Every structure is written in C-alpha cells, then in structure tokens.
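Accompanying notes for the structure given below.
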Amino acid sequence: MHTLLLGITAWDPEPWRERFSTALPGWHIVRHDEPYDVAAIDYAAAWKQPEGAFAGLPNLKAIFSLGAGVDHLFKDRKLPAGVPIVRVVDPDLTTRMSEYVVMHCLM
C-alpha cells in the first residue's frame, strides 16, 4: 500500500484528502497533523506546509506542490535534499493566475 502525506495549511485539507482518496483508491492518505509511520510515506502533497513537515521521511519519492508555484516549499529550511519537487502545470490554472495578476494591476 502506498501512503500520501498532506502537508497543507491555509486551506482545509479534508477536501484534498477526499479528492486524493477518490483518485487513488487503495492508498492511505494522511495529514501532517495526524499520527503516521514516517517510513510508510511514499509521496507528499503540499501547500504552505509547516516547517519540517517532510523532514525525516526515509522513503519519500517526490513532493507535489498543490499550487502553481513552489516558493512555499523552498521557505522550509528542513526540506529534504534530493527529493524531486513537482509543480502543477494546467491551462486552467495558468488562466486563473493571469487573471489574478491583471486584477492586481487594475487595483
């Protein structure tokens, strides 16, 4: 069985757990604020994770950013070295980010 760790703050992590549970049947989805076996974690999904949320995970294969950027990940001084980081590339997200920038320019 694979395990995905959700390192999410600033958003409610439960809708993400539901989405991942639907998309990944048979996977164990855990939150960073729940008890879990560090050796069981294969992957992590993040949005503004707490400092050190992904440190000490010996079998971590990749970290997925749940937003367009990865700046929030690199703010973590305890981010494990050598673990690939994956960011979202999606036409809908690109459009929404462009609209966000235009909105701020107009304001």
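The values are calculated or read from the model by the stated rules, or taken from the named source; none is laboratory data. This is a predicted model, so every value here is computed, not measured. Quick reminder, even Gly has a Cβ in these numbers, built from the backbone with ideal geometry, and neighbours come from all protein chains shown. Side chains are part of the model used for accessible areas, which takes the heavy atoms of the whole protein and leaves out ligands, DNA and RNA. Shrake-Rupley method; radii C 1.70, N 1.55, O 1.52, S 1.80 Å.
Quick notes
- Taken over region 25-36, the criterion of being assigned to a loop (DSSP other than H, G, I, E, B) and surrounded by 17 or more Cβ atoms within 10 Å (Cβ to Cβ) is satisfied by H32 alone.
- Given (1) in contact (Cβ under 8 Å) with a residue 24 or more places away in the chain; (2) touching a strand residue (DSSP E or B) at 6+ places or on another chain (Cβ under 6 Å); (3) surrounded by 14 or more Cβ atoms within 10 Å (Cβ to Cβ); (4) not β-branched (V, I, T), index of the condition A62 fails: (3)
- Restricting the first member to region 14-28 and to residues that are without any contact (Cβ under 8 Å) to a residue 12 or more places away in the chain, and the second to residues that are part of a helix (DSSP H, G or I) and open to solvent by 90 Å² or more (accessible area, probe 1.4 Å), no beta-carbon pair is closer than 8 Å while six or more apart or on different chains.
- F54 vs. criteria in a loop (DSSP other than H, G, I, E, B), touching a Lys or Arg at 6+ places or on another chain (Cβ under 9 Å) and modelled with pLDDT of 95 or more: yes
- Check on E34, in contact (Cβ under 8 Å) with a residue 12 or more places away in the chain and within 16 Å of the chain's Cα centre (by Cα): no
- Selection of region 37-48 for residues being free of Cβ contacts under 8 Å to residues at least 40 places away in the same chain, open to solvent by 70 Å² or more (accessible area, probe 1.4 Å) and not acidic (D, E) yields an empty set.
- The residues on offer are G69, G82, and the sole one that is open to solvent by less than 60 Å² (accessible area, probe 1.4 Å) and assigned to a loop (DSSP other than H, G, I, E, B) is G69.
- Any hit, region 38-49, residues being within 13 Å of the chain's Cα centre (by Cα), farther than 20 Å from R77 by Cβ and of a type in the set (D, E): yes
- Unmet criterion (only one of (1) touching a Ser or Thr at 6+ places or on another chain (Cβ under 9 Å); (2) part of a helix (DSSP H, G or I); (3) open to solvent by 60 Å² or more (accessible area, probe 1.4 Å)) for T22: (1)
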